[in-house]
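The values are calculated or read from the model by the stated rules, or taken from the named source; none is laboratory data. A quick note: this is a predicted structure, and the numbers were derived from the prediction, not measured. Every residue, glycine among them, receives a Cβ derived from its backbone with ideal geometry; neighbour counts consider all protein chains shown. Remember, those area values only see protein heavy atoms, side chains included, never the ligands or the DNA or RNA. Shrake-Rupley method; radii C 1.70, N 1.55, O 1.52, S 1.80 Å.
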Amino acid sequence: MTSERYLKMVETVERKLNHLDASFHERTNSILKHLAEMLRTVKASPANALENSLVAVKNDLDKLRHYLTVEQPSMRADERAFHAGSPFDARLSILETNVKNIMSGVDSIVSIISEVKSRQLARTNSKNEFAQGSTDAAALINEFRKTMHEQKTRKCECKTGRVDRAERYPTDCHEIQMQGFNVSGIYKIKPDDMEPFYVLCDLTTAGGAWTVFQNRFDGSQDFFKSWSDYKNGFGNLAGEFWLGLEKLSYLTNQKLYELRVELETQQGHEGYSAYSVFTIGPEHEGFRISTLGTYYGTAGDSLSYHAGQKFSTFDVDNDEWKDGACSMEHGGAWWYKECDKSNLNGKYSLTGDDQRGQTIYWISFKSPEIPISKTKMMIRPLPASKPVNYETNRNFLESPDQRIKQIKPSGTKGGAARLPFRYEEPSQDFFNNLK
């Protein structure tokens, strides 16, 4: 009976050991599977997947602990029936040691995974904070760009010296010629305190370096324009055009410039009038001729009469004629006084008949009855050419055949007698330096 009981106990213990060994390997494989999955999760999966894998590992560990705590007491009760040198005791000790090692290793891995998870959460929070900070920074940068754009587009009427240019443009056609260009044409310049714009450069006439601001030769462009048009400019640089009073004001105030006016009639008679200094004031001064220097040339002086005068158009009357508007009377826009001795922005006509003094004329060169067919007004910085045969030109100016007789009043306007068209006789008075 004792032998039979012993054999049955041996079979029972061996069966439980085999079952425990199989369970151990099964749990071990499950743990290894979950660990491999967790490693993939740590590398490239979101925090939720990592959390699920960690829960699965913990469940397996709990089952293994439960199995060991439930199965091992019964096994150890049966072991007492065996002597100390039983082979089952050695196998059980080895199994217990292995299980403890695995459990300690799993605990270490669990702690490492927990640390990785906490770091990932901290990184996610920092990313959210960084995203919020980036949004605030982007808004701040956009606001800064907007402010810079407003400052850039704002026109400053004060002169603070030459600005630093991110892209260096010449300030006028003189600098273009100094860079080695010698062919007349359209170039890009940037005067002080202005955005770059294109101009027509005359690089051949009288030594070149001229920046052209008015050009008329065929009547293709209407010059009976508003104040806004004359302020900003109109026409085509490749044809007839007016550069713009605002650009002209900025140009003539960045340096000292001389003025040259070229004239030609339909019959081919040519002449020019030049002035040693020419400056145009800002818009709040009416773009007046603030400085006009000494005259020299061959066409006579018909601009000194206008020195100090504001610019006038049909919608902005700045002239000194109390009984009407010179711009409407003469069909143009000019630095009218009361009214003019020159009208280079008048109506284009090849005959002066029935034009009532509204054509293009320069009194000291030709009368309104002999209209001018080509005009060009241009500037270049000093030092300029010195006046040539100045006394001869003065005598030419004062010659009798250049004088125009005033017409006696005929008709009324607003109850007051007026001239059919108003232009002044040449005089010897010169306005060389008006402030």
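Annotation: peptides 221-227, 362-368, ranked by per-residue average of other Cβ atoms within 10 Å with the highest first, follow the order 362-368, 221-227.
Paramagnetic label reach from residue 97 (point 7 Å along Cα→Cβ; backbone nitrogen cut-off under 20 Å): within region 13-36, residues 17-18, 20-22, 24-25, 28. Converting phi to 3J(HN,Hα) with the Karplus coefficients 6.51, -1.76 and 1.60 and the offset θ = phi - 60°, region 357-368 yields x, 9, 7, 7, 8, 9, 3, 6, 9, 9, 6, x Hz in sequence order, with x at every glycine or proline. The amide H of residue 360, built 1.01 Å from its N in the peptide plane, has 347, 349, 372 as neighbours under 5 Å, considering only residues 5 or more places off or on other chains.
Please work out the average accessible area per residue across region 225-302, using the 1.4 Å probe convention, and give it in Å².
Roughly 31 Å² per residue, with all protein chains present.
Residue separation of residue 108 and residue 10 scaled by 0.36 nm, minus their Cα-Cα distance, works out to 31.6 nm of gained length. Cβ-Cβ distance of residue 317 and residue 204, R₀ of 35 Å, FRET efficiency by 1/(1 + (r/R0)^6): the value works out to about 0.35. The label-point distance for residue 270 and residue 298, in a model that sets each label 7 Å from Cα toward Cβ, rounds to 0.7 nm. Please state the shape class of region 226-280: rounded when a/c is under 1.5, otherwise prolate if a/b exceeds b/c and oblate if not, all from the C-alpha gyration tensor. Oblate is the answer for region 226-280, as a/c is 1.5 or above yet b/c matches or exceeds a/b.
Show me 326-337, 258-269 ranked by packing, highest mean number of other Cβ atoms within 10 Å first.
On the way: 326-337: 24.1, 258-269: 18.3.
Descending mean neighbour count gives 326-337, 258-269.
Fully extending the segment from residue 217 to residue 350 would add 46.8 nm, taking 0.36 nm per residue of separation and subtracting the current Cα-Cα distance. For residue 374 and residue 183, a Förster radius of 25 Å and the Cβ-Cβ distance give a FRET efficiency of 0.75, rounded to the nearest 0.05. Spacing of the modelled spin labels on residue 226 and residue 139, each 7 Å from Cα toward Cβ, amounts to 4.1 nm. Rounded to the nearest Hz, the phi-derived 3J(HN,Hα) couplings of region 332-344 under the Karplus curve 6.51 cos²θ - 1.76 cosθ + 1.60 (θ = phi - 60°) are x, 8, 6, 7, 5, 10, 8, 10, 7, 10, 8, 8, 6, where x marks glycine and proline. What the phi angles of region 308-323 give under the Karplus curve with 6.51, -1.76 and 1.60, with θ = phi - 60°, is a coupling list of x, 7, 7, 7, 10, 10, 5, 9, 9, 9, 10, 7, 9, 7, 7, 9 Hz, glycine and proline written as x. In this structure, the amide hydrogen of residue 334, modeled 1.01 Å from its nitrogen in the peptide plane, lies closer than 5 angstrom to those of 312, counting only residues at least 5 positions away or on a different chain.
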